[in-house]
Amino acid sequence: MDNNNAIKTPPTGLAMLALVGPGLVWCSEMIGSGEVIISTRVGAILGTGVIWAVVVGIFLKYWIGMGGAWYTVCTGEGMIDMFDRIPGPRHWVVWIVLVIQFLSATIAMGAIATAAGVFLNSLIPISAYFGGWGGWGGWVVSIFGLIVAWSGGFKILKAIMSFFVLIMILGILYVSIVLFPGWRQFLEGFLFKIPSVPAWAVSEAGVSQNPWREILPLMGWAAGGFASHVWYTYWVLGAGYGAAAGRGYGKPADTAFLKSLDRRSAEKIRGWCRVVLTDATVAMVITIVVTISFLIAGAVVLGSSKLAPQGPQVAIMLSRIFSSKWGTVGGFAFLLTGTTALIGTLTVQLAGWPRLLADAFRICIPKFQERMAWKTQFRLFLVFFFVTNMTIVLAFGLKPVFLVKTGAICDGLLLTPLQAIWVAVGLFMVMPKLLSQEARAILRPHWILAVFLLLGFLVFGYFCLFQIPYALSS
């Protein structure tokens, strides 16, 4: 095999922006329930004083996702296969992921389907045409996600999510500009202070006096959870960056190919690492801006009116108050942005979680791979989650905040510190052993990546060991 021809020449300079794609799909999933539901609610209760929590949560998770994508660019395999190479008992990491993610996927996607249905029904009164039942919206968005994800291809997903991200950016920027609280109040939100829960929220909305009960789900779901960073490696595979070119899904790395990499090929792959760095950074910046904008909307619109809605009122109430005080355009822009964000999130989740579980089953239960082709496995899980979505919407159609906060803690915090360490081990211990001696020196990640992965482990580990039990017990 001619390695020089196998690896495409990467773009440089501004040309890298033309290939931003995996990051937009990643971004469309990161901007979801944590931003639309949780950020808006936390803003209403704690105000803009917790902007720091948004920035810290997204920034630390950025290094996890980008680190995993760096590994994929260099090796041509996704994050689940990287986890299977972590030293220790056979498949031990993948078994942990399989068990926890199966539960998390069911809860989290049901939560998104429920919330997306509430927003869609607020924007377009679908339930009015079907006997008044509020769950029709959740069923409609689940069907849409199933149709988009069914083929298993990346190009159609990229095209639709890029359009959704554009709508989100335009809509929420309009909302945030209209509602901007002033530079002093805005900048004070970066001071790492823990605001107290206001008396009205405790007495009138039944909110806990412990602010961490609101902050933890915000940090857990901001920028997605554990699975979101795994999926980013799938979108990189689909885009064909570096050694991922032509690889497809459901395959471990071609170790013979990696051992034969020469200097020229390794330098090309290094160029693709810069592309994925640009791609991931664009996604991070967009996600931070949009999440803060939702927080501001909640603080100014709901907080000033002393409202902390729990159910469908999250969408309806904010839009109504916005329209009465700042004009109907703003209310419509918020609803459109929220609806688009949640539908985009559910669609990417329906495309991502079946891939993750198909990989986990392939590794842990080899006969599963032998009996079914990858696309059959993918579609089997896709149909399963489609059915569970419809069921959860039927059972919990009026409790999106409860479901979203539960999903945030399950997928957003519990596995995240371990994921940071596993990615660090994959990059700095596993990957060098897969590469040729020439390639090893060229593709070695910068030490800064190790520092921030360690920091992510410490920060999210602290939340898991101390703040989650404290928040749940108070």
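Quick look at the values:
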| quantity | calculated |
| --- | --- |
| Qualifying residue in segment 83-105 (condition: over 28 Å from Phe164 (Cβ atoms), buried (at least 24 other Cβ atoms within 10 Å of the Cβ) and modelled with pLDDT of 80 or more) | yes |
| Residue, modelled with the lowest pLDDT, within segment 320-332, restricted to residues that are in contact with a Phe, Trp or Tyr (Cβ under 7 Å, 6 or more places away or on another chain) and either basic (Lys, Arg) or surrounded by fewer than 24 Cβ atoms within 10 Å (Cβ to Cβ) (or both) | Gly330 |
| Options Val290, Val230, Val276, Val285: the member that is within 21 Å of Ala111 (Cα to Cα) and modelled with pLDDT of 90 or more | Val230 |
| Among the candidates Val387, Val423, Val383, Val401, residue that is at pLDDT 55 or above, among the β-branched types (Val, Ile, Thr) and crowded, with 22+ Cβ neighbours inside 10 Å | Val423 |
| Residue within segment 59-72 that is closer than 27 Å to Phe186 by Cβ, aliphatic (A, V, I, L, M) and surrounded by fewer than 24 Cβ atoms within 10 Å (Cβ to Cβ) present | yes |
| Test: Phe180 is under 27 Å from Leu120 (Cα atoms), without any contact (Cβ under 8 Å) to a residue 24 or more places away in the chain and surrounded by fewer than 15 Cβ atoms within 10 Å (Cβ to Cβ) | no |
| In segment 190-207, the residues that are part of a helix (DSSP H, G or I), touching a residue at least 12 places away in the same chain (Cβ under 8 Å) and of a type outside the set (Asp, Glu) | Trp200, Ala201, Ala205 |
| Test: Gly225 is of a type in the set (Gly, Ala, Ser) and within 19 Å of Thr281 (Cα to Cα) | yes |
| Single unsatisfied condition, Arg213 versus (1) closer than 20 Å to Ile38 by Cα; (2) in contact with a Phe, Trp or Tyr (Cβ under 9 Å, 6 or more places away or on another chain); (3) among the basic types (Lys, Arg) | (2) |
| Checking Ala244 against (1) touching a Ser or Thr at 6+ places or on another chain (Cβ under 8 Å); (2) at pLDDT 90 or above; (3) under 18 Å from Glu29 (Cα atoms), the condition it does not meet | (3) |
| Failed item, numbered, when Gly78 is tested on (1) of a type outside the set (A, V, I, L, M, F, W, C); (2) modelled with pLDDT of 90 or more; (3) within 16 Å of Trp353 (Cβ to Cβ); (4) surrounded by fewer than 24 Cβ atoms within 10 Å (Cβ to Cβ) | (4) |
| Residue pairs meeting the criteria (Cβ under 9 Å; at least 6 apart or on separate chains; first at positive phi, in segment 316-332; second assigned to a helix (DSSP H, G or I) and at pLDDT 75 or above) | Gly327/Val178 |
| Any pair with Cβ under 7 angstrom, 6 or more apart, that starts in segment 249-261 at a residue that is within 17 Å of Leu443 (Cα to Cα) and ends at one that is acidic (Asp, Glu) and modelled with pLDDT under 95 | Leu261/Glu438 |
| Some residue of segment 364-372 being more than 19 Å from Ile107 (Cβ to Cβ), at pLDDT 90 or above and surrounded by 24 or more Cβ atoms within 10 Å (Cβ to Cβ) | no |
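The values are calculated or read from the model by the stated rules, or taken from the named source; none is laboratory data. Computed from a predicted structure; not experimentally measured. A quick note on method: Cβ atoms are made from the backbone with ideal geometry, for glycine too, and the neighbour counts reach across all protein chains shown.
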